[in-house]
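Worksheet: one structure, shown below.
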Amino acid sequence: MPGINTRAVHGGEATDPNTGASAPNLVMSTTFAMQEPAGFSIHAFETASEGDKPYVYTRWGNPTVNMLEKKLAALEEAEDCVAFASGMAATTALLSTALKPGDHLLMSDVNYAGTAEYARATLPRWGVATTAVDSSDLSQIEAAIQPATRMIWIETPANPILRLTDIAAVANIAKQHGLLLAVDSTFATPIATRPLHLGADFVVHSLTKYIGGHGDALGGAVLGSTERLEPLRTQALVHVGGVLSPFNAWLIARGAATLPIRMQAHERGAKQVATFLQNHPAVGRVNYPGLTSHPQHALAERQMANYSGMLSFQAPNGSARARRMAKELEVIHFAVSLGHHRSLMYWIDTDAIVESTFKLAGKQLAGYREFAGDGVFRLSVGLEDAEDLCRDLDRVLSG
Ligand SMILES: *Cc1c(COP(=O)(O)O)cnc(C)c1O
C-alpha cells in the first residue's frame, strides 16, 4: 500500500481518460444519460445491474462524491465510505440505520453537542433509549450495558474537554457483548488514529473540520465495511437524502490531499501554544493530549500518532473574558467550529452546556469539571505562526 501522503494526494483520483486532466473533474450533473433502462428504484437498479454500476442520479451516486469517498477510505484504511451533507447527517444516518425501537444506545457523556442533543431529545421519540457514561472509565461502560444494548458510541478526543477514550479497550468490551462500536474521530483525523484497526465497526468524521480543513464546505462521512455500510447508502443516503454536494466533495477532496502535512503543522503549532498557555500566569488548567500534564497522556501516546490541533484551557472570569476576546482578538477568530487553517476560539460555559446538552450530575459532573472547571476556552490552533497566536492570546489574557 502507498504511504499516507501518497494516498492523500492520489487516493480516489484518476486522470481523465478523455482529456488527460490531472486534477479531478467536478461533475455537477444531477442526472446521467443511460445506455439502457435500469429501473426507477435503487433496489430495482441494484438487481438489474452487474459489475460496475452506471451513474443514474446524483442522490444515488456521483463521480465527484465517489472520488472523495475513495480518498477517505484510502486515508482511513477502510473498505468503504459513505459521504453525507454534514457530520450530523452522517451521525444521524448511522444511528437511525443501526438502531431500531427497543434498542439501547450506550454513549460517552461528553461529545459533540449536536450528537448529545440528538441522542437525548430525538432518539427516545423513535423508541431508542440512551445511557451516557464517562467512557474514559471502562467500569462505567461495563456497568451500563443492558440486554437491549446494541451500540456503543464514543468520541475521542471528546469535545470540548479533550478527554480520551481507549478505543481498543472499549472494542474488547463491545466484542464480548456482541455490540457495535462507533467512534467519532473528527478531532483525531485518520492521521492520528485508525479506530477500525483498533476494533471499531464504524468511524464517523465531520469533514467540515480537519479533513476539508479550510472552513468553506460542510460534509460528513461514515467509514467501515461495505456490508455494514450498505443500509447507510441505500436507506439513509438515497432515501433520507442528506447527500453531499459534488462541489463540496471537490473542495473537501482538495483539502484532504494536504491533510497529512496540515496535521503535522497543526500539531506543531498546538504544542507551542499549549506550552505557552501552560506557563501563562493568567491561565489555569490546559487540556491538550500532547502535554505530559494531560491525565491520559500515556493513552494519547499509544492511540494518537498525532496530537492534533485542538486544546482547551481555563482562565479566571471566563464569560467576561470571552466577551472581551470576541472584540479584541486580532488573529484568532472568536467563532465556533474547528480544524481550519484559521485559528478559531470559543468559550464553553460549564453550567450552560451541562444544562442544555450534557445533563451531567454527581460523579459525571465532577469528572467534567475536573477538565473544564467553570468553563473552557476551546482553541483550534490553525496554521498561522504560533508566535502570532501566542501574542494575540497574551494580549487578551493579561490585564
Ligand atoms: C462538528 C462536529 C460534528 C458535526 O459535524 P457538522 O459537519 O457540523 O454537521 C460532529 N462531531 C464532532 C466531533 C464535530 O466536531
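The values are calculated or read from the model by the stated rules, or taken from the named source; none is laboratory data. All values derive from a computational prediction rather than experimental measurement. All Cβ positions, even for glycine, are placed from backbone atoms using ideal geometry, and neighbour counts span all protein chains on display.
It is to be established whether one or more residues within segment 141-151 are assigned to a helix (DSSP H, G or I) and closer than 24 Å to Ile211 by Cβ. Show your work before the answer.
From segment 141-151, those assigned to a helix (DSSP H, G or I) are 141-144; that's our starting set.
From what is left, the residues that are closer than 24 Å to Ile211 by Cβ are none.
No, the conditions are met nowhere in segment 141-151.
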Residue under evaluation Ala188, criteria (1) surrounded by 21 or more Cβ atoms within 10 Å (Cβ to Cβ); (2) without any contact (Cβ under 8 Å) to a residue 40 or more places away in the chain; (3) within 16 Å of the ligand (Cβ to nearest atom), criterion not met: (2)
Every residue from segment 81-107 that is surrounded by fewer than 20 Cβ atoms within 10 Å (Cβ to Cβ) and either acidic (Asp, Glu) or farther than 24 Å from Thr226 by Cβ (or both): Pro101, Gly102, Asp103, His104
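May I ask you to say which residue of Leu329, Leu365 is touching a residue at least 40 places away in the same chain (Cβ under 8 Å) and not assigned by TED's automatic domain parsing to the domain that holds Ala132?
Details: Leu365 fails: touching a residue at least 40 places away in the same chain (Cβ under 8 Å).
So the residue among Leu329, Leu365 that is touching a residue at least 40 places away in the same chain (Cβ under 8 Å) and not assigned by TED's automatic domain parsing to the domain that holds Ala132 is Leu329.
Are any residues in segment 81-107 of a type in the set (Val, Ile, Thr) and near the ligand (Cβ under 9 Å from one of its atoms), and if so, which ones? Give the derivation first.
In the first step, residues of segment 81-107 are kept if they are of a type in the set (Val, Ile, Thr); the result is 82, 91-92, 97.
The answer is Thr91, and nothing else.
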Cβ pairs under 7 Å, 6+ apart, first in segment 275-290 and modelled with pLDDT of 95 or more, second small (Gly, Ala, Ser) and not in a loop (DSSP other than H, G, I, E, B): Val286/Ala274; Asn287/Ser312; Tyr288/Ala270; Tyr288/Ala274; Pro289/Ala300; Gly290/Ala270; Gly290/Ala274; Gly290/Ala300
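Taking segment 331-345, which residues are among the β-branched types (Val, Ile, Thr) and within 16 Å of the ligand (Cβ to nearest atom)?
Matches in segment 331-345: Val336 only.
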Failed condition for Glu267, given (1) acidic (Asp, Glu); (2) without any contact (Cβ under 8 Å) to a residue 24 or more places away in the chain; (3) surrounded by 17 or more Cβ atoms within 10 Å (Cβ to Cβ): (2)
Residue in segment 82-89 that is among the β-branched types (Val, Ile, Thr), outside any strand (DSSP E or B) and closer than 20 Å to Asp201 by Cβ present: no
Every residue from segment 163-185 that is away from the ligand (no atom under 13 Å from the Cβ) and small (Gly, Ala, Ser): Ala168, Ala169, Ala171, Ala174, Gly178
Among the residues listed as Glu355, Glu328, Glu370, the single one being away from the ligand (no atom under 16 Å from the Cβ) and closer than 28 Å to Asp216 by Cα: Glu328
Unique residue being under 16 Å from Ala386 (Cα atoms), at pLDDT 95 or above, surrounded by 19 or more Cβ atoms within 10 Å (Cβ to Cβ) and of a type outside the set (Gly, Ala, Ser) when the list is Leu338, Leu360, Leu344: Leu344
Residue among Val128, Val82, Val133, Val110 that is free of Cβ contacts under 8 Å to residues at least 40 places away in the same chain and outside the structural domain of Glu355 (by TED's automatic domain parsing): Val128
Index of the failed condition, Arg233 passing every other in (1) within 16 Å of the ligand (Cβ to nearest atom); (2) assigned to a helix (DSSP H, G or I): (1)
Filter result (more than 12 Å from the ligand (Cβ to nearest atom), assigned to a loop (DSSP other than H, G, I, E, B) and surrounded by 19 or more Cβ atoms within 10 Å (Cβ to Cβ)) within segment 108-139: Asp109, Val128, Asp134, Ser135, Ser136
Filtered residues of segment 93-146 (kept if more than 20 Å from the chain's Cα centre (by Cα) and among the acidic types (Asp, Glu)): Asp103, Asp137, Glu142
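Suppose we keep only residues that are hydroxyl-bearing (Ser, Thr, Tyr) and more than 20 Å from Asn248 (Cβ to Cβ) within segment 198-234. Which one would you say is farthest from the chain's Cα centre (by Cα)? First the steps, then the outcome.
Here is the first cut: in segment 198-234, the residues hydroxyl-bearing (Ser, Thr, Tyr) are 206, 208, 210, 225-226, 234.
This time we only want the ones that are more than 20 Å from Asn248 (Cβ to Cβ), so: 225-226, 234.
Numbers: Ser225: 18, Thr226: 20, Thr234: 22 Å.
Per the criteria, the residue is Thr234.
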Residues of segment 178-227 classified as part of a loop (DSSP other than H, G, I, E, B) and touching a Gly at 6+ places or on another chain (Cβ under 9 Å), total: 18
